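The next block holds one structure in the form of structure tokens; read it before the comments.
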Amino acid sequence: MSGLGYGCGPGRLLVPLSQLGWSVTGYESDSDYAPAAREALRDVPEAEFRQGGFGDLEERAAYDLIAAVNGPYYYLLEPTARRDALQRCARALRPGGVLFLDLLNFLCILKNYREPPSMRLSFDGTEVTRFAKHEFDYHLGIMTHEDRFVWTDTSGEERTAHKTHRMALVTFSEIAFFLEDLGFWEMRTFNSYTDRESARLTREKLMVTARSGSSC
């Protein structure tokens, strides 16, 4: 079985898949994560890492599973780019292969919106405080998420780091339209990883699976 992980981050999903006997390929475009993913897969049999995103996928009928976990799909800010990404997935999947998209359900989040609280994190024994801020462009349908990390280094000096993410406010109706148009079938929706049956989307997760028909 052959699987592809988009936005694989440091490779956390791909390593256990490989341990289950899968041949895995990871794509990650973020230069902050790519080195960790490459290192995680370096000694993993039947594993490959590529620095890139949806637009770099050229294979045809190569994979049984394509998974985009933790939202890489909504970093595609234009509808044309999102449709192109799904078309590339349709081509790269073998007939009957499964596409899995894991996203935030922005409609639910906006309905119940709360300002993100600060968080205390620990990295290699260092305590880090994370502050987050959101800005919404309702005209273009884009959310900007800004992270600010604050910690004290070993010399006692306060340090800060920033990370900005721009995400399209993707809805299930758009995804379903593209998938059906591209010949995917057996579409299912889930609210969490604990769900075992397809269900209407009612919570902050938006998970979709669909099977590829034939190469587009």
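Just so you know, all these numbers are worked out from the coordinates, no wet-lab data involved. Because the structure is predicted, anything quoted here is derived from the model rather than measured. All Cβ positions, even for glycine, are placed from backbone atoms using ideal geometry, and neighbour counts span all protein chains on display.
Where the centroid of each part is defined by its Cα atoms, how far is the stretch 16-54 from the stretch 166-216 in Å? Taking the Cα centre of the stretch 166-216 as reference, the centre of the stretch 16-54 is 24 Å away. State log₁₀ I(q)/I(0) for the stretch 78-136 at q = 0.19 Å⁻¹ as given by the Debye formula over alpha-carbon point scatterers of equal weight, solvent excluded. Those come out to -0.87, one per q.
Charges were assigned to the Cβ only: +1 to each Lys and Arg, -1 to each Asp and Glu. The resulting dipole of the chain about its Cα centre is roughly 560 debye.
Put a dot 7 Å past the Cα of E46, heading toward its Cβ, do the same for S155, and the two dots end up 5.0 nm apart.
Projecting the Cα atoms of Y33, G53, A81 onto the charge dipole of the chain, computed from C-beta unit charges around the Cα centre, puts A81 farthest toward the positive end. Based on DSSP H segments of at least four residues, each scored -39500 (n - 2.57), the chain has a per-residue ellipticity at 222 nm of -5500 deg cm²/dmol.
Around the Cα centre of the stretch 108-168, unit charges on the Cβ atoms of Lys, Arg, Asp and Glu (plus for the first two, minus for the last two) sum to a dipole of about 320 debye.
Positive end of the dipole of the stretch 108-168, charges at C-beta (+1 Lys, Arg; -1 Asp, Glu), about the Cα centre: which of M119, W151, H162 has its Cα farthest in that direction? Of the listed residues, the answer is M119.
Nearest 5 percent is fine: what portion of the DSSP beta bridges confined to the chain is antiparallel?
Antiparallel bridges: around 65 percent, rounded to the nearest 5.
Spin-label model, Y113/E58: points 7 Å from Cα along the beta carbon direction are separated by 4.2 nm. R0 = 30 Å: FRET efficiency of H165 with R94, Cβ-based, nearest 0.05? After rounding, the FRET efficiency stands at 0.40. Going from the residue with the fewest nearby Cβ atoms within 10 Å to the one with the most, E58, E204 rank E58, E204. In degrees, nearest 10, range 0 to 90: what is the angle between the Cα axis of helix 79-92 and the longest Cα principal axis of the chain? It works out to around 60 degrees. Put simply, the convex hull of the Cα atoms in the chain casts, on average, a shadow of 13.2 nm².
The C-alpha atoms of the chain define a longest principal axis, and helix 172-181 lies at about 30 degrees to it.
Given their separation in residues at 0.36 nm each and the Cα-Cα distance between them, S31 and T194 gain 55.5 nm when the chain is fully extended.
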